[in-house]
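Here's the structure we're looking at; comments come further down.
The values are calculated or read from the model by the stated rules, or taken from the named source; none is laboratory data. Predicted model, so just to flag it, every value in this text is computed and none were measured. Here the Cβ positions follow ideal geometry from the backbone for every residue, glycine too, while neighbour counts run over all protein chains shown.
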Amino acid sequence: MFAEIVIPVPFDTFTYSVPPELEPGVSVGVRVVVPFGKSKKYVGLVVALRDDSPLGVTIKRIESVLDAQPIVTPLQLEFWRWIAHYYMSPFGDVFKAAFPAGMKKDEEEKKRRRKNIVEQTAGLGVPGVQHALNESQQEAYKSILESWTTHDITLLHGVTSSGKTEVYIHLIQKYLDEGKQVLYLLPEIALTTQITNRLRAVFGSQLGVYHSKFVDADRVAVYHKQLSDSPYQLILGVRSSIFLPFRNLGLVIVDEEHETSFKQQDPAPRYHARAAAIMLARQYGAKTLLGTATPSVETYKMALDGRYGYVRMDKRYSDMQLPEIEVVDIKRLRFQKRMKGSFSQTLLDAIGEALADGGQVILFQNRRGFSSFIECKTCGWVPRCSHCDVSLTFHKKTNALTCHYCGSTYSLPARCPNCEESSFTTIGLGTERIEEQVVKFFPDARVSRMDLDTTRSQNAYERIIEEFSRHESDILIGTQMVSKGLDFDNVRVVGILDADMMLNLPDFRSYERTFHMLSQVAGRSGRKGKKGRVILQTRSADSDIIKNVVENDYDGMFRVQSEERELFRYPPFTRLIYVYLLHRDFKTVEHLAEQTAKLLRQSLGRRVMGPDCPPVGRVQSMHIRKIILKMELTDSVNATRQLLQSVVTQVQSQPIANSLRVYFDVDPV
Ligand code: ADP
Ligand code: ZN
Ligand code: ZN
């Protein structure tokens with residue numbers, strides 16, 4: 001007997017022989033230990049059994065079997081195969097992403113079996129905590145159920161604080177009552193804290209939470225519980241929770257569906273959890289609810305075309321008013337030298353008033369957790385990473401320079417290597433620098449900061465968010481993490497320090513993304529009680545996007561975007577696949593990328609664009625080239641995949657392409 005086995009390496013499957021003494025224990029879905037390469041051993045998963053072995057390869061033997069029962073269900077395997085196929089990713093990479101680390105290690109697995117499964121029962125609920133829906137929520141609830149009689153997927157488009165979460169809670173209750181399981185997906189770990197508390201209060205021990213900030217052993221425990229006879233009926237998680245086993249999934253909720261963090265960028269599989277969740281629901285005959293205040297252009301178009309059900313909620317709960325958005329033109333203020341550091345007087349006054357009144361403030365700065373760049377005052381020299389084509393960011397606390405792309409750390413040179421002078425200046429404004437200024441302007445305020453750097457430790461998100469909810473801090477400074485769905489009662493002012501940063505990115509989605517982000521951030525203000533203020537500092541005060549945000553004009557934004565994308569052939573009017581080629585040698589990658597594009601053009605013609613050098617053209621010493629395929633919606637996706645694979649195989653078969661790396665990004669965001 002032979003077995004097809006997937007192991008956590010970037011290939012599909014390998015064939016191993018099953019020694020007669022292990023035959024009774026080897027079945028599809030059990031894990032085994034197998035030798036690999038010269039001396040390695042891996043934990044692999046049996047995905048198929050066969051009587052014959054492929055010709056001309058040496059077959060190694062399975063060493064031992066780890067599970068008495070399959071730990072992956074047939075539906076799960078089918079789903080994982082779909083991800084590998086659709087996103088053109090090796091099955092080994094999907095396997096790697098699907099299991100928590102402990103399940104891929106022999107020793108840890110043995111240890112676990114000796115321990116008892118940890119149950120997540122903290123803060124057990126009392127089910128009396130569920131709020132009654134108000135009239136418009138009731139109506140939305142009914143319309144959603146109604147829409148599911150004709151559509152499997154429905155978009156709930158509700159302004160911030162309309163009570164979407166309350167509607168979800170009632171829908172979850174309905175499905176749990178019917179004995180069905182529910183998966184509730186969030187785009188960001190930072191959001192799980194608040195939603196966990198709300199769901200825990202209603203659903204108690206029926207709720208299981210699953211994400212990567214948990215200790216791995218807890219994730220393993222959740223996985224095994226889902227296989228057992230008493231699984232959590234409700235799973236709240238970020239994108240990786242789609243890989244869990246389900247028994248009778250009835251409903252999938254994708255909250256904040258517009259968020260691009262549902263797409264995994266690196267490493268492979270580069271899957272979109274929203275699309276994958278829809279597929280998962282389809283497998284189980286389950287319904288999908290996509291919820292957001294600002295739908296993605298893709299999803300909204302599906303709703304307009306009648307392919308998704310559509311339910312809208314326009315009123316905020318108990319008639320809370322939307323905040324007033326005041327635009328401050330910082331280009332003019334800078335010219336007039338009237339900026340105080342990164343702050344306009346308007347913003348400083350607003351913060352001062354809010355604080356004096358006992359209110360809280362959120363300041364949003366979208367430089368992703370990183371501080372400023374550094375520059376030589378004399379000659380303008382900027383330190384750059386020696387492995388990547390990017391400038392390094394300066395972290396004041398550690399007095400170190402780090403590379404955003406490869407993580408290398410460098411110490412700050414005593415003198416400029418270019419002109420030997422020793423004075424540097426910082427440019428740009430990261431959250432750390434904003435914090436420094438805030439402390440200076442408001443010495444009595446309690447300030448906390450939420451970004452990549454302050455949330456590395458396991459409970460950091462919870463701590464920062466809970467501190468702020470309990471009003472143990474007055475001002476919360478953060479990156480996009482603070483923009484998403486967080487619900488604080490006492491926030492009077494939201495300050496957006498620099499709205500332009502995203503707008504200037506060379507990407508067809510930058511306009512849409514800026515709209516999402518600014519609208520979401522603005523929605524954090526004035527959720528309960530008083531009407532909130534939003535101060536939006538920008539250098540593009542007259543641009544359409546800022547007008548759309550200020551007027552809360554989603555449809556206006558959509559109209560412009562949709563026209564533009566149809567004209568320039570972008571999604572949702574076409575389908576994109578990016579092909580990345582990586583090599584240590586600049587000339588080699590350039591040559592091979594040209595060759596690949598030429599071969600693709602023979603069949604795909606004008607659908608092939610490039611190769612181009614991406615904005616960061618070298619990462620970890622690998623030179624990168626990118627080819628874009630813009631496929632028509634009527635093109636066969638499978639034929640395109642096959643063509644791509646065969647062209648890449650052909651290119652890679654040449655000796656010169658020996659160490660060429662190629663990967664695909666299907667439906668990139
Ligand atoms: P959304 O998810 O649309 O942003 P939420 O569900 O978070 O809105 O509701 C906003 C706030 O209003 C929350 O604090 C929530 O508890 C409260 N709220 C909404 N609907 C109700 C209701 N029917 N009864 C009591 N409180 C509600
Ligand atoms: Zn210099
Ligand atoms: Zn680097």
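From the list G341, G380, the lone residue that is surrounded by fewer than 18 Cβ atoms within 10 Å (Cβ to Cβ), in contact (Cβ under 8 Å) with a residue 40 or more places away in the chain and either more than 16 Å from ligand 1 (Cβ to nearest atom) or not assigned by TED's automatic domain parsing to the domain that holds R584 (or both) is G341. Across the stretch 407-419, which residue is farthest from V619 (Cα to Cα) among those that are exposed (fewer than 12 other Cβ atoms within 10 Å of the Cβ) and more than 34 Å from the chain's Cα centre (by Cα)? My answer is A414. Just give me the residues in the stretch 436-453 being closer than 13 Å to K396 by Cβ and touching a strand residue (DSSP E or B) at 6+ places or on another chain (Cβ under 9 Å), in sequence order. Within the stretch 436-453, Q437, V439, R449, D453 qualify. Inclusion of F394 among residues that are buried (at least 22 other Cβ atoms within 10 Å of the Cβ), closer than 26 Å to E421 by Cβ, modelled with pLDDT under 95 and in contact with a strand residue (DSSP E or B) (Cβ under 8 Å, 6 or more places away or on another chain) is warranted.
Each residue in the stretch 444-463 was checked for being surrounded by fewer than 18 Cβ atoms within 10 Å (Cβ to Cβ) and over 20 Å from Q365 (Cβ atoms), and 5 pass.
Residues checked against (1) among the hydrophobic types (A, V, I, L, M, F, W, C); (2) at pLDDT 95 or above; (3) within 16 Å of ligand 1 (Cβ to nearest atom):
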position: S161; (1), (2), (3): no, no, yes
position: H170; (1), (2), (3): no, yes, yes
position: G179; (1), (2), (3): no, yes, no
position: L183; (1), (2), (3): yes, yes, no
position: E188; (1), (2), (3): no, no, yes
position: T196; (1), (2), (3): no, no, yes
position: A201; (1), (2), (3): yes, no, yes
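Is it the case, given these coordinates, that E257 is under 19 Å from F515 (Cβ atoms) and either assigned by TED's automatic domain parsing to the domain that holds I153 or part of a helix (DSSP H, G or I) (or both)? For E257, the condition - under 19 Å from F515 (Cβ atoms) and either assigned by TED's automatic domain parsing to the domain that holds I153 or part of a helix (DSSP H, G or I) (or both) - is met.
Within the stretch 265-273, the presence of at least one residue that is part of a helix (DSSP H, G or I), modelled with pLDDT of 95 or more and under 16 Å from the mean Cα position of the chain (by Cα) is confirmed.
In this structure, G352 does not satisfy being loosely packed, with under 14 Cβ neighbours inside 10 Å, away from ligand 2 (no atom under 16 Å from the Cβ) and outside any strand (DSSP E or B). Do we find a residue being among the polar types (S, T, N, Q) and surrounded by fewer than 20 Cβ atoms within 10 Å (Cβ to Cβ) anywhere in the stretch 359-366? Within the stretch 359-366, not a single residue is among the polar types (S, T, N, Q) and surrounded by fewer than 20 Cβ atoms within 10 Å (Cβ to Cβ).
Put simply, of K531, K547 the only residue that is part of a loop (DSSP other than H, G, I, E, B), more than 24 Å from R433 (Cβ to Cβ) and among the basic types (K, R) is K531.
Matching residues to (1) more than 16 Å from ligand 2 (Cβ to nearest atom); (2) outside the structural domain of I434 (by TED's automatic domain parsing); (3) assigned to a strand (DSSP E or B):
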residue	(1), (2), (3)
T299	yes, yes, no
M302	yes, yes, no
R307	yes, yes, no
R312	yes, yes, yes
V328	yes, no, yes
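All conditions in (1) closer than 30 Å to T640 by Cα; (2) surrounded by fewer than 17 Cβ atoms within 10 Å (Cβ to Cβ) hold for L45, with the sole exception of (2). Of all residues in the stretch 224-263, how many are polar (S, T, N, Q) and within 25 Å of T154 (Cβ to Cβ)? Number satisfying all stated conditions: 6. Checked against the criterion of being surrounded by fewer than 20 Cβ atoms within 10 Å (Cβ to Cβ), in a helix (DSSP H, G or I) and either touching a residue at least 60 places away in the same chain (Cβ under 8 Å) or in the same structural domain as T15 (by TED's automatic domain parsing) (or both), the stretch 54-74 has at least one qualifying residue. The set of residues in the stretch 229-249 that are within 18 Å of the chain's Cα centre (by Cα) and under 15 Å from L199 (Cβ atoms) comprises I235, L236, G237, V238, S241.
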